[in-house]
Structure formats: structure tokens, C-alpha cells
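Following: one structure in C-alpha cells, then a few remarks.
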Amino acid sequence: MKTTKIKIKNLFGIAETELDGSSVEITGTNGSGKTSVIDAIRYGLTNQSERDYIIRKGASEGEILIETDTGLYIDRKKRTDKADYKSVKEGGKEVSGPESMLKQLFTPLQLDPVAFIGMNKQEQNRIILDLIEFDWDLNWIREQFGEIPEGVNYDQNILQVLHDIQADNSVYFQTRQDINRDLKNKRAFIEEIASDIPAEYDADRWERYDLGEAYRKLEGIREENSRIERAKVFKDSYDNKLRGLEADREIQVSAEEKTIAAEREGLISTIERLKAEIRAADEKLGGLDRKLQDKIALADSQYEAKK
């Protein structure tokens, strides 16, 4: 759809102007009517305006006429002294339910580019992607990916959904990476095993090999080894216990030996002391007779002196 004619008269700040179907760049200083052109077109398509006034000050009627190359014709008049007028035709015929039809043709952002320009890039991208029409549902997602990937907001437009599914930090991408990494490792493992297979390897022989019998033998050997290991553990435990008992015995014997040695040394010391006392007593005993003779001699001497 391409606009072929726009005529505006006495709407907002515009006295009268007419635009043809060529590309038009609206320029000028503040207050020259640039925004009024956009507001007039928005009013013509929606019958709505956020401005405090619609009819140009001093006029009693404002009008906008829009024509397109598809045969759409819109003539809308705003009046102060009588009812407003509108005529919406398509292919030369009046359209029933014109307001509803116009809402289907134009989105709010098409009618308000200033609001779109004021959005950040992420919001602008979301709006643009929402304009893309593609019939899809969760069954279509399952057909494409074999599952419904987790961690994705499916309320978004399809391009954003696909982007989120395949993003580096998505659950789907990380899971696929893990699977591919595991597959690569297993292939490398298989190739490594294959490289170790001898040239004379007889595949038919090993296909006929009784794995059940071999498994039973291995189980018997494994059980025997298990018993041996348990016996070793028991023996090690017994040896450890025996060493502990021997250590306790050695400690006890050593303590008793020290006690006996101390007692022996005490007795020997006592004996030596008693021997010294005996010798001293013997010497004292030997001198008693001499002492007695001396006492007798003294007594005799005293007796003779007193006679």
C-alpha cells in the first residue's frame, strides 16, 4: 500500500497543506508544524488524538483527506458547530465498520513513529519481529527440534524463540554440546580400541566364544580373590592385634623390671648401711672390756685414796 495523496486543512497547527505520493521529508524549526502533520494523519486513520485541540485555533472545521494506490479513500472532518463527518471507501464503495477496518490495516506504532524512535534497540527489534507473520505452534517446534526445548519463553515472536533456543547459554544448546562432546569422546574411545586389535584377530571365533562360561570362571576367580583379600585383611588385623599385645607385654615387663631394680637397689643400700652399723657396733663392743677395766681401775684408785 502506498499513499498517493494527503490533504490537511485547519487541523492542529496546519492551515492547509497537500502532499502527493512521492517521498516527503518534513523539516523546519520547532513550532513549524512537523508534529502536526503526523498528528493529523494519526487522527485521520484512528479518529483519535492526544492533543488538547484538533481544529486549528480560529477555525470551525478541520479536514484530512487520505488516498492510497489500493483504492482506499479516507475523508474525515472535525467540526465545532455540527456533527463530525467521515467517509471511508475502498474501491469506490463505502466501508461498513470503517474504524474496525482501519485498526486492522495500521498498527499503533505505524501511526506513532516518534514513540518508536524513543524506544531502545531491543524494544524496536521486538516490535519489528512481531510484525512478521508466521504460522507456528509448539507442535511445529517439536517437529523441528524433536522436543520442546526448556528454558525458552514461547510467548515471543518466532524469530526470538528460535534465537533463544539456539543461544550459547540456552538449555537446548548446552545439552546438544554435551551430547556432541560425549559422542566425540566415545568415537575416539572406539577408534582407540580398534587401533589395538591385532591384525590376526579372528572375529568369528570371538563371536562363537562362550561368554557366559567365561563370565562364570571370572566370577569364580573374583570370588576366590575376594576370599583371599578377606583372609589377608583378617590376618593383618590379627597381626596388628598380636603386635599390640606384645607391645603391652613389653611395656608391663619393662615397668616390673624397673620396679624390681629400684627395690633391689633400695635393699642393697639398706644392707650396706646395716653392715656399717654392725661394724660400728662390733668396734664399740670390742672396746667395752677396756672401758670396764678403766672404770674398775678408776674405782680402785678412788677407793685407795679414801682409805
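Quick notes on this one:
- The simple spin-label model puts a point 7 Å past each Cα toward its Cβ; for residue 144 and residue 288 those points are separated by 13.4 nm.
- Net lengthening on full extension, residue 171/residue 269 (0.36 nm per residue, minus Cα-Cα): 26.0 nm
- Mean Kyte hydropathy of -0.5 or more with a Cα span along the axis of at least 18 Å, helices from DSSP in the chain: 34-46
- Positive dipole terminus of the chain, leading residue within 261, 149, 65 (C-beta point charges): 261
- Global geometry of the chain, whether rounded, prolate or oblate, following the gyration tensor of its Cα atoms and the 1.5 cut on a/c: oblate
- Size of electric dipole in the chain: Cβ of Lys, Arg +1 and of Asp, Glu -1, about Cα centre, debye, nearest 20: 1420 debye
- Shown here for region 151-209: trypsin sites (Lys or Arg not before Pro) in loop regions (DSSP other than H, G, I, E, B) with at most 12 other Cβ atoms within 10 Å, of which there are none.
- Among 121, 217, 291, the largest mean-square fluctuation in a Gaussian network model of the chain, built with springs joining Cα atoms closer than 10 Å, belongs to 291.
- Spin-label pair residue 134-residue 242: with each label point 7 Å from Cα along the Cα-Cβ axis, the two points sit 8.1 nm from one another.
- Under DSSP loop assignment and at most 15 Cβ neighbours within 10 Å, longest chymotrypsin sites (Phe, Trp or Tyr not before Pro)-free interval of the chain: 210-307
- The stretch between residue 119 and residue 79 holds 10.9 nm of extra length on full extension. This uses 0.36 nm per residue minus the Cα-Cα distance.
- Vicinal HN-Hα couplings computed from phi for region 73-78 (Karplus, 6.51 cos²θ - 1.76 cosθ + 1.60; Hz; Gly/Pro x): 10, 10, 10, 10, 10, 9
- Fully extending the segment from residue 180 to residue 52 would add 39.8 nm, taking 0.36 nm per residue of separation and subtracting the current Cα-Cα distance.
- The chain: relative contact order in percent, alpha carbon pairs under 8 Å with at least 6 residues between: 9 percent
- Spacing of the modelled spin labels on residue 154 and residue 206, each 7 Å from Cα toward Cβ, amounts to 4.7 nm.
- Modelled FRET efficiency - R0 51 Å, residue 187 with residue 103, Cβ distances, 0.05 increments: 0.30
- Put in order of Cβ neighbour count within 10 Å, fewest first, the listed residues 95, 171, 88, 253 become 253, 171, 95, 88.
Bear in mind these aren't lab numbers, they're just calculated from the coordinates by the rules spelled out. Keep in mind that what you see is a predicted model, and the values were worked out from it rather than measured. Virtual Cβ from ideal backbone geometry, glycine too; neighbours counted across all protein chains shown.
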